[in-house]
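Beneath this line is the structure, given in structure tokens, with notes to follow.
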């Protein structure tokens, strides 16, 4: 039933109750059309508000979920941080001497004559153990 | 995260949370939980034998509040801190409604064991930490974990899994739970078979006193073997005890007579670091700096046969002319049996060294070094070294110097990369008195953290000399290293080799106090 519809069936007790509740009966067809448009407009507005609230809620929820997924794992973060920290010191090696294409520390050893002992191979007293 | 647990959402309902708590309690009720033992390296009992590293820290909370450790903490935070870690920890603390520092103390401040191993190229880790029941309850209430298989709690946001064995909370990554499961099974089964505690290489360390910090480290091939460290503060000094058994030792320590501690006392202050040891008589290793230095001149068996009972190594430093940059110098000296023979041998060695580096640099052989009795020999090898090392600052002023040192303290042959250091060595050797090291240590050493820090910091005054293209990372690393080393005012160590491949040592780190802290 549409309240305040004067084309409805003859007024009954419902009519007086509806008036007490604030319903207004249209006096002519134009007012009735206006009231119907207003009611549709209000319903549309209410729907828009509900949809907007849903959209905001969904955005908030998805934002929360995204934050959760990108939050670093505490244990792995701790371990990774220590490993990475030790790696920071490796940059010192960037400034250390480098020898391209050769190792300076491995000289070819050519046979050579040996120096002869100056005296008995027995150790001097001063080099004996304590 | 497993498929079973991934279906759980973070925001679990109250009944689900209660189920997790109930499951945890049920497991506790039926299991005979055996925590890491209280004895030395007791944490090894709950760790499988294939763990690559185990660290146990007792009373980290107390260490955090130790005034002497405050400066060390600052350096360690510089080293290990990161934005990611801060974000993760602060977020965790925020979710629990706790101060981040209080969370550190509560979660890892009492007794924590951390273990890790690598399987299929992935690192697995697990931590066994002693926490109060209220903190565990808060953890469950605030973080709302999901219920995982076997009564585990899974924290999807933190990507961690846990098992509660009061008063121990066992933690691990939620996507690699094998080590966590292994540790929990060992705690529940109350047996040590197959654990790291049964490792033969660890057995000697099990007789030590329990320490606040204990580390077990299994070395990958080719080094192989196992090292155990324990650290404690004693009279304001950090004392680290260590034992290693290597398949292939990365450093040399010779067994034999006790090292000469009196000689070390005399050498202290001659440079950044000094060590006195028995000469190494085993196989030479070209990857070891002192060996490589000696091998370059052809350090042959005849020279080694003429070595006496003592050897010393000093790492000094000198300012590079016209700059504030300091560069390292190296000095080595051997006590010799036959001084006349030694002089001839070392003259030949020095000449061969100079010829060798010239040959490598593609330069003509240098003129023979002048040899006058009693006068140190000096060979300017800087042209060859600059050509060879692309004009690196370390070699710009290097001059090879060697001489005999005849003194009441024995006859020595000394060689150095700087004539001034050679003169210092000769003077200090002569003045030294011979004192056998305590505990039969075969090697004793001392390092000045302050001198090393000054040395490292000097590199940042002209970093373009070292890294012309992009000096920033080098500067940051050198500054960080200087900050860390400045914390240790003085480091002393003594080591011995009780068996082949075994090295035992004690390191004592002394901290600066009050106004003596270098900036």
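The values are calculated or read from the model by the stated rules, or taken from the named source; none is laboratory data. From a predicted model like this one, the values you see are computed outputs, not experimental measurements. Heads up, the Cβs are rebuilt from the backbone with ideal geometry, glycines too, and the neighbour counts pull from every protein chain shown.
Scanning for something on the phi > 0 side of the Ramachandran plot, in the same structural domain as residue B:316 (by TED's automatic domain parsing) and within 27 Å of the chain's Cα centre (by Cα), does region B:365-374 turn up at least one residue? For region B:365-374, residues on the phi > 0 side of the Ramachandran plot, in the same structural domain as residue B:316 (by TED's automatic domain parsing) and within 27 Å of the chain's Cα centre (by Cα): absent.
Note on region B:193-219: residues that are surrounded by fewer than 17 Cβ atoms within 10 Å (Cβ to Cβ) and under 23 Å from residue B:110 (Cβ atoms) amount to 5.
Taking region B:458-498 as the search range and keeping residues that are in contact with a strand residue (DSSP E or B) (Cβ under 7 Å, 6 or more places away or on another chain), over 20 Å from residue B:74 (Cα atoms) and outside any strand (DSSP E or B), which one is nearest to the other protein chains (Cβ to nearest Cβ)?
The residue in question is B:458.
Scanning region B:310-325 for residues that are under 22 Å from residue B:348 (Cα atoms) and either within 10 Å of another protein chain (Cβ to nearest Cβ) or under 23 Å from the mean Cα position of the chain (by Cα) (or both) yields B:310, B:312, B:313. Against the condition surrounded by fewer than 19 Cβ atoms within 10 Å (Cβ to Cβ) and either under 26 Å from residue B:267 (Cα atoms) or within 13 Å of chain A (Cβ to nearest Cβ) (or both), how does residue B:368 come out, does it pass? Criteria not met by residue B:368.
Residues of region B:437-462 that are free of Cβ contacts under 8 Å to residues at least 40 places away in the same chain and either out of contact with any helix residue (DSSP H, G or I) (no Cβ under 8 Å at 6 or more places or on another chain) or buried (at least 20 other Cβ atoms within 10 Å of the Cβ) (or both): B:456, B:457. Would you mind stating whether residue B:354 is closer than 23 Å to residue B:404 by Cα, away from chain A (no Cβ under 11 Å) and assigned to a helix (DSSP H, G or I)? The answer is yes for residue B:354. Comparison of B:117, B:64, B:83 shows that the only residue that is under 23 Å from the mean Cα position of the chain (by Cα) and within 14 Å of chain A (Cβ to nearest Cβ) is B:117. The conditions of being assigned to a helix (DSSP H, G or I), crowded, with 18+ Cβ neighbours inside 10 Å, without any contact (Cβ under 8 Å) to a residue 60 or more places away in the chain and within 13 Å of chain A (Cβ to nearest Cβ) are not met by residue B:171.
Conditions (1) within 7 Å of another protein chain (Cβ to nearest Cβ); (2) under 20 Å from residue B:286 (Cβ atoms); (3) modelled with pLDDT of 60 or more; (4) assigned to a helix (DSSP H, G or I), marked per residue:
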residue	(1), (2), (3), (4)
A:81	yes, no, yes, yes
A:89	yes, no, yes, yes
A:94	yes, no, yes, yes
A:102	yes, yes, no, no
A:108	no, yes, no, no
A:111	no, yes, no, no
